[in-house]
Amino acid sequence: MLNFVTFMECVNAPNSTCLTSPGVLAPVFLTLMLVAVGALVARRDRKRFRELRAQGIWASFIILAYSVVVLAYFFLFAPDAVLGVEQSQIGNMLWISAIFAYGMGVATLVGMLGFAFGGWLVKRKRTPATAQRLVVAIDGPAASGKGTVAKRIAQHFGLPCLDTGLLYRAVARDVVAKGGALDDANAAAAAARALDAATLDDPNLRGPAAGDAASIVAKMPAVRAALLDYQRRFASDRRGAVLDGRDIGTVICPDADVKIFVTASAEERARRRHREHDARGEAITYEDVLADIRRRDARDSGREIAPLEAAADAITIDTTTLDADAAFAAARDVIVAKIASNPAAKKQ
Ligand code: DC
């Protein structure tokens, strides 16, 4: 039979029973689990990890604050309850709820510290790869897979990531929302200057219509000029950054440590987009998607200002026959080789 001793009893008087008591094993096991969950979440999505950590720590403080206030009341004004003397039903309920909240608060706080520790372990493990500033510029046409590559590279090297296409999509959205016309250069420039980066996670920016509208405002010099500072500031993060778009290696970050141009045949890109439409249940033919991709390529490559093109020192990765894992591995290898061959880049 297992002897039940609590964690606190073992802290006060350790003995061999502590090694088998569920009162000790359960909290230790739960904390270890939270360390693992913290590490896992932080590895997948650092932003989500930070949100969960903050919410968890706030929750434990709120629960603890409640218990401390009620316990303080009993200690100061109703010491009988503390000594276990009979009291009213409400008094009993409050006393029990405060003790319970105190236990919950401590358990949640310890759990969240475990969660935070897991995230810290992952960050520590990654630090050697990112201890030096590293700016990665990733350019390429629509549906080439550059966005997926950029996100995974950023995650792998622990860097912030900016999908610059979202900026142009958001400008187009804001012009239309204000009742303006997409080809009105003044309205578009005003929207670009007033752009609120906090609105970039708007799900409405994701669809092909938003991309098409973006490529219209992206032709306008005043729009590009208004968005330049934001992108350069993003790239000046002390850790470095990954930016993906059309002109990152040529205009936004001409001094990037690594420049990658991700491309794929128009037919393959159209097939990918068509599969995405299918998955969302949208009825559109492959031929229409291909025509749309070609029109967008022509607009992005043919414009006078910052056209879509590979920088002279960019390394091209053709993803026509690569899946997402292989494309990521190719980009990672390019970056690792570049860092190894250029130690100066690491010291910036
Ligand atoms: O990458 P995307 O599909 O989200 O980009 C939408 C449009 O924005 C694209 O057609 C061209 C434009 N764009 C640009 O001109 N420069 C960038 N750096 C990123 C996007």
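Read-outs throughout are calculated quantities, based only on the coordinates presented, and are distinct from any laboratory measurement. Note that the structure is a prediction, hence the values are computed from the model and not measured. In this analysis, Cβ positions are derived from the backbone assuming ideal geometry, glycine residues included, and neighbour counts consider all displayed protein chains.
Observations
- For the chain, relative contact order (Cα pairs under 8 Å, six or more residues apart, normalised by length) works out to 19 percent.
- Cross-link table Lys219/Lys338; Lys151/Lys178; Lys178/Lys259; Lys47/Lys146; Lys47/Lys338, entries beyond 25 Å C-alpha to C-alpha: Lys219/Lys338; Lys151/Lys178; Lys178/Lys259; Lys47/Lys338
- Size descriptor, Kirkwood hydrodynamic radius, that averages inverse alpha-carbon separations across the stretch 250-348, Å: 15.7 Å
- From its DSSP helices (H runs of at least four residues, each -39,500 (n - 2.57)), the chain gives a residue-normalised ellipticity at 222 nm of -21000 deg cm²/dmol.
- With Rh defined as the Kirkwood radius, the inverse of the mean 1/r over Cα pairs, the Rg/Rh of the chain is 1.15.
- No disulfide-compatible partner, judged by a Cβ distance under 4.7 Å, exists for the following cysteines of the chain: Cys161, Cys253.
- Within the stretch 133-277, the percentage of alpha carbon pairs spaced more than 20 angstrom apart rounds to 47%.
- Taking Val251, Val82, Val149 in turn, the Gaussian network model of the chain (Cα-Cα springs below 10 Å) assigns the largest fluctuation to Val82.
- Counted residue by residue at 0.36 nm each, then reduced by the alpha carbon distance between them, the extension gain from Glu304 to Arg44 reaches 89.7 nm.
- Two tests apply to each whole DSSP H helix in the chain, Cα reach of 27 Å or more along its axis and mean Kyte-Doolittle hydropathy of at least 1.0, and the ones passing both are 22-44.
- Residue range of the chain that is longest and free of GluC sites (Glu not before Pro) which are both DSSP loop and sparsely packed (at most 10 other C-beta within 10 Å): 87-303
- Residue with peak Gaussian network fluctuation, the chain [Cα springs, cutoff 10 Å], from Gly158, Gly249, Gly84: Gly84
- Neighbourhood charge, 9 Å Cβ-Cβ cut-off, centred on Gly240 and excluding it, Lys, Arg +1 and Asp, Glu -1: +1
- Computed from the alpha carbon atoms alone, the convex hull of the stretch 7-125 holds 134 Å³ per residue.
- Ranked by the mean number of other Cβ atoms within 10 Å of their residues, highest first, the peptides 223-235, 196-208, 172-184 fall in the order 223-235, 172-184, 196-208.
- Listed residues Met104, Met220, Met93, most fluctuating in the chain (Gaussian network, C-alpha, under 10 Å): Met93
- Within the stretch 166-236, the proportion of Cα pairs with more than 20 Å between them is 19 percent.
- Two-site label geometry, Arg238 and Asp202: point separation in nm, points 7 Å out along Cα→Cβ: 3.3 nm
- Projected label points at Ser97 and Leu25, each 7 Å from Cα along the beta carbon direction, are separated by 3.5 nanometres.
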